[in-house]
Amino acid sequence: MVKLVFLGKFRALAREDADIVLPPGVRTLVDLKDWIARSDPPLGNAMAATPVQCVVNQSVVRDLSWPIQEQDEIAFLPPMSGG
Amino acid sequence: MQIRLADAPFDPQRAEADFVAGRTDMGALVSFVGLCRATNDGDAVQELHIDHYPGFTDKEITRLAQDVAARFDCPDMLVIHRVGAIAPGEAIVLVAALSPHRAKAFDAVRVLMDYLKTDAPLWKKETGASGTRWIEPRAEDRVRRAAAEGSVT
């Protein structure tokens with residue numbers, strides 16, 4: 001299982017954080033983003049339309065060839081708007 | 001370094017007073033309070049909502065504050081940032097810096113605010129008469145943040 005976390009406008013589209021069994025063939029963050037785009041097109045479109053930061057186990061990961069491990073918590077962050 | 005995410009209204013003046021209490025070694029306290037406006041771009045705002053990523057948001061704001069405090073020689077900084085639902089008139093954010101002298105405290109507060117606008121994992125959503133919209137980062141905030149990288153001494 002891995003935990004997916006969506007923030008900001010992505011959360012609004014994904015509705016809930018999800019614990020998922022890693023789908024067959026999904027080994028890296030690129031694979032995972034492609035799978036999200038296929039399985040949830042509105043969310044995939046929103047993620048394709050803006051820069052997305054990936055955070056794995058609470059650390060920023062810039063290289064999307066990053067290999068996903070069991071029990072990882074993987075978050076997708078849209079551009080930030082705090083302050 | 002004191003960093004707090006608050007899910008309920010807080011009193012900035014009281015927080016500032018607590019922050020400075022007992023400090024006799026500092027000559028300057030500079031603070032900034034950001035407030036929730038009742039209008040934005042001409043539209044009425046009924047409620048602001050700020051989404052955050054528990055654990056990560058705190059960690060990133062702490063890192064930003066530590067970087068700025070070190071850069072401007074401020075022995076202590078305070079950040080309180082609201083998350084969740086916020087009503088017009090309420091404080092959204094308080095940033096304060098303590099320093100022996102004023103110049104670096106002013107710079108530290110201004111630069112940390114610039115970073116919070118663009119680099120803190122927070123996402124604003126406004127609800128008004130015409131519905132709900134997520135706030136996109138402003139180009140001017142990115143320009144200020146880029147300028148903050150190296151312009152201040």
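Quick one: net charge around B:Ala91, please, counting Lys, Arg +1 and Asp, Glu -1 for every other residue with C-beta under 10 Å from its C-beta.
-1
Just want the ordering: B:Glu16, A:Glu70, from fewest to most Cβ atoms lying within 10 Å of their own Cβ.
Fewest-to-most ranking of B:Glu16, A:Glu70: A:Glu70, B:Glu16.
Place the peptides A:72-79, B:27-34 in order of packing, highest mean first, counting for every residue the other Cβ atoms within 10 Å and averaging per peptide.
A:72-79, B:27-34
Is there a pair in B:Lys59/B:Lys104; B:Lys104/B:Lys124; A:Lys3/B:Lys117; B:Lys104/B:Lys125 whose C-alpha atoms are over 26 Å apart, and which pairs would that be?
Distance filter (> 26 Å) returns B:Lys104/B:Lys124; A:Lys3/B:Lys117; B:Lys104/B:Lys125.
Bin all alpha-carbon pair distances of chain B at 5 Å intervals from 0 and give each bin's fraction as a whole percent.
Pair shares across the bins are 2, 9, 18, 21, 21, 15, 9, 4, 1, 0, 0.
Over the alpha-carbon set of the stretch A:2-77, divide Rg by the Kirkwood Rh and report the Rg/Rh ratio to two decimals.
Here the Rg-to-Rh quotient is 0.91.
For chain B, what is the relative contact order in percent, using Cα pairs closer than 8 Å and at least 6 residues apart in sequence?
About 32 percent, as a whole number.
In whole Å and largest first, what semi-axes does the C-alpha gyration tensor of the stretch B:1-74 yield when each eigenvalue is scaled by 5 and square-rooted?
Ellipsoid half-lengths, sorted descending, are 27, 18, 13 Å.
Against the longest principal axis of chain A, how steep is helix A:29-39, in degrees 0 to 90 to the nearest 10, with axes from Cα atoms?
Roughly 70 degrees between the two axes.
Considering every residue in B:139-145, what mean count of other chain Cβ atoms within 10 Å of its Cβ is obtained?
Averaged over the peptide's residues, the number is 1.
Calculate the mean, over all residues of peptide B:4-16, of how many other protein chain Cβ atoms lie within 10 angstrom of the residue's Cβ.
Per residue, the average neighbour count from other chains is 0.
Mind checking the mean number of beta-carbon atoms from other chains within 10 Å of the Cβ atoms in B:116-124?
Whole-number average of other-chain Cβ neighbours for B:116-124 is 6.
Towards the positive end of the charge dipole of chain B, with charges on Cβ (+1 Lys, Arg; -1 Asp, Glu), say which of B:Val33, B:Ile80, B:Val68 has the farthest Cα.
Selected residue: B:Val68.
Which whole-number percentage describes the relative contact order of the stretch B:89-153, with Cα contacts under 8 Å and a sequence gap of 6 or more?
26 percent
Any chance you could list the semi-axes, whole Å, largest first, of the equivalent ellipsoid that the Cα gyration tensor gives for the protein assembly as shown, using √(5λ)?
34, 21, 16
Looking at A:Asn45, A:Ala14, A:Met1, which one has the Cα that reaches farthest to the positive end of the dipole of the stretch A:1-79 (charges on Cβ: Lys, Arg +1; Asp, Glu -1)?
Toward the positive end, the furthest listed residue is A:Asn45.
By how many degrees, 0 to 90 and rounded to 10, does the Cα axis of helix B:56-71 deviate from the longest principal axis of chain B?
That works out to roughly 40 degrees.
Subtracting the Cα-Cα distance from 0.36 nm times the residue separation, let me have the gained length for A:Arg27 to A:Asp63 in nm, one decimal.
Difference between extended and current length: 11.6 nm.
Assign unit charges at the C-beta atoms only (+1 for Lys and Arg, -1 for Asp and Glu), then state the dipole size of the protein assembly as shown relative to its Cα centre in Debye, rounded to the nearest 20.
Magnitude of the dipole: close to 380 debye.
A short reminder: the numbers here are calculations on the coordinates, not readings from a lab. In this text, all values refer to a predicted model and were calculated from it rather than measured experimentally. Cβ atoms come from the backbone with ideal geometry, glycine included; neighbour counts cover every protein chain shown.
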